[in-house]
1. Among the candidates 22, 5, 80, which residue alone is at pLDDT 65 or above, more than 14 Å from the chain's Cα centre (by Cα) and either among the basic types (Lys, Arg) or open to solvent by less than 40 Å² (accessible area, probe 1.4 Å) (or both)?
2. Give 69, 39, 86 a once-over and let me know the one that is part of a helix (DSSP H, G or I) and at pLDDT below 85.
Amino acid sequence: MSPRRIRRDRSGPPDPVPGPERTESWPDGDWVVRRVPGAASAKAYRCPGCDQEIVPGTPHVVAWPADGARMPGGLALDERRHWHTACWQHRLRRGPEVRRRGAP
């Protein structure tokens, strides 16, 4: 006889369906945000919120300032950052900026 599977209740609202980018208004400005599903994530990134690696296959968020008009082509490519979803949602609660050792 095989062991019984335990189904865990996942509380909280379901994640929005991944899709095109959208603009979010926060106290620190307007941001263009794109959700990246785990299947579409094939590269490792460094989260600016927690300074930990976002490993390939991890769903996460890509965000950049909505004021892309000042950038060539209207897209702030140099300012795009890949965040863990929870780090993005809680970034305004964090203390002083976290930096890796050796970073300028």
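1. On inspection, the qualifying residue turns out to be 5.
2. Checking each option against the conditions leaves just 69.
The values are calculated or read from the model by the stated rules, or taken from the named source; none is laboratory data. Note that the coordinates shown come from a computational prediction; the quantities given were computed from them, not determined experimentally. Keep in mind that these areas ignore ligands, DNA and RNA; they rest on the heavy atoms of the full protein, side chains included. Shrake-Rupley method; radii C 1.70, N 1.55, O 1.52, S 1.80 Å.
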